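Below is one structure, written out as structure tokens; the observations come after it.
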Amino acid sequence: AQKVTQAQTEISVVEKEDVTLDCVYETRDTTYYLFWYKQPPSGELVFLIRRNSFDEQNEISGRYSWNFQKSTSSFNFTITASQVVDSAVYFCALNRRVLYNQGGKLIFGQGTELSVKP
Amino acid sequence: DAMVIQNPRYQVTQFGKPVTLSCSQTLNHNVMYWYQQKSSQAPKLLFHYYDKDFNNEADTPDNFQSRRPNTSFCFLDIRSPGLGDAAMYLCATSRAGLAGRTSTDTQYFGPGTRLTVL
């Protein structure tokens, strides 16, 4: 079975603090893709990053960084020096193997609501 | 800018009155998805189109239908909305990978339509 678990339902930090959002996944596939999306209060899901199962290098993009560890089936997301604009719900997702004539299907975690206070 | 557009952003309908939500895209992607997202939950896939091929999820109620008249447009029809259908409806697009392989493609989401049923 394919499953994504985000154990942290809500996190509250003060501006400029660093914060890590946890994501643990389950899959039997050897090839898969992991994603993070941000959903601000406006509702739109904004793509942040995609990672394939063969690339375990960490990635940094500005204040954002991602740590992918296959050994622990985790794909954690860290925001450095958080800002109020980072307040949103963050979803981790796994791309399930598809059949012919189908698009990729995302398996979402339940989301972590991050609140950054000034 | 290439994007996914949803209209209207807010829709109010009456119990049992048919409603249609629309989605258009300028990304020229071959796959279009419809998700339902209820408050504090992850998005739930209703169905998707791979080109003209319709793929329904097993647990999507018959009350929900979809049409894709061309590559750019996709519609979600709710034949007889109930109070439980009040939700955010998200459209997404992707370019599918090779048949039979795990799709590498990122899904890009529109801003969503928030449906209220009175």
Inspect all residues belonging to the range B:87-101 and state whether any of them is modelled with pLDDT under 95, buried (at least 18 other Cβ atoms within 10 Å of the Cβ) and more than 10 Å from chain A (Cβ to nearest Cβ). no
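For residue A:37, are the conditions met, namely being among the hydroxyl-bearing types (Ser, Thr, Tyr), within 10 Å of chain B (Cβ to nearest Cβ) and touching a Lys or Arg at 6+ places or on another chain (Cβ under 7 Å)?
On the way: among the hydroxyl-bearing types (Ser, Thr, Tyr): yes; within 10 Å of chain B (Cβ to nearest Cβ): yes; touching a Lys or Arg at 6+ places or on another chain (Cβ under 7 Å): no.
Here the answer is no, as residue A:37 does not meet what is asked.
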Sole exception among (1) over 11 Å from the mean Cα position of the chain (by Cα); (2) closer than 21 Å to residue B:105 by Cα for residue B:84, by number: (2)
Are there any pairs with C-beta distances below 6 angstrom linking a residue in the range B:4-17 that is surrounded by 12 or more Cβ atoms within 10 Å (Cβ to Cβ) to a residue that is hydroxyl-bearing (Ser, Thr, Tyr), with the two at least 6 apart or on different chains, and if so which? B:4/B:93; B:4/B:108; B:5/B:24; B:6/B:113; B:7/B:22; B:11/B:113; B:12/B:116
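Looking only at residues that are buried (at least 16 other Cβ atoms within 10 Å of the Cβ) and farther than 17 Å from residue B:6 by Cβ in the range B:53-64, which one is modelled with the highest pLDDT? I'd like the intermediate steps shown before the answer.
From the range B:53-64, those buried (at least 16 other Cβ atoms within 10 Å of the Cβ) are B:55, B:60, B:64; that's our starting set.
Filter once more, so that each one left must be farther than 17 Å from residue B:6 by Cβ: B:55, B:60.
Details: B:55: 90, B:60: 96.
Filtering the range B:53-64 for residues that are buried (at least 16 other Cβ atoms within 10 Å of the Cβ) and farther than 17 Å from residue B:6 by Cβ, the one modelled with the highest pLDDT comes out as B:60.
Restricting to strands (runs of 3 or more DSSP E) lying wholly in the range A:5-118: which have 2 or more residues that are surrounded by 13 or more Cβ atoms within 10 Å (Cβ to Cβ) and at negative phi?
Details: elements: A:10-14, A:19-21, A:24-26, A:33-39, A:46-52, A:59-61, A:64-69, A:74-79, A:88-96, A:105-108, A:112-117.
Here the list reads A:10-14, A:19-21, A:24-26, A:33-39, A:46-52, A:64-69, A:74-79, A:88-96, A:105-108, A:112-117.
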Of the residues that make up the range B:31-43, is at least one of a type in the set (Gly, Ala, Ser), surrounded by fewer than 16 Cβ atoms within 10 Å (Cβ to Cβ), more than 19 Å from residue A:106 (Cβ to Cβ) and within 14 Å of chain A (Cβ to nearest Cβ)? yes
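A quick yes/no check of all residues on (1) modelled with pLDDT of 90 or more; (2) within 11 Å of chain B (Cβ to nearest Cβ):
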position	(1), (2)
A:31	no, yes
A:41	yes, no
A:70	yes, no
A:75	yes, no
A:80	yes, no
A:84	yes, no
A:94	yes, yes
A:109	yes, yes
A:117	yes, no
In the range B:44-67, how many are of a type in the set (Asp, Glu) and more than 11 Å from every other protein chain (Cβ to nearest Cβ)? 2
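The values are calculated or read from the model by the stated rules, or taken from the named source; none is laboratory data. Because the structure is a prediction, the values reported are computed rather than measured. FYI the Cβ positions are ideal-geometry reconstructions off the backbone, even for glycines, and counts take in every protein chain you see.
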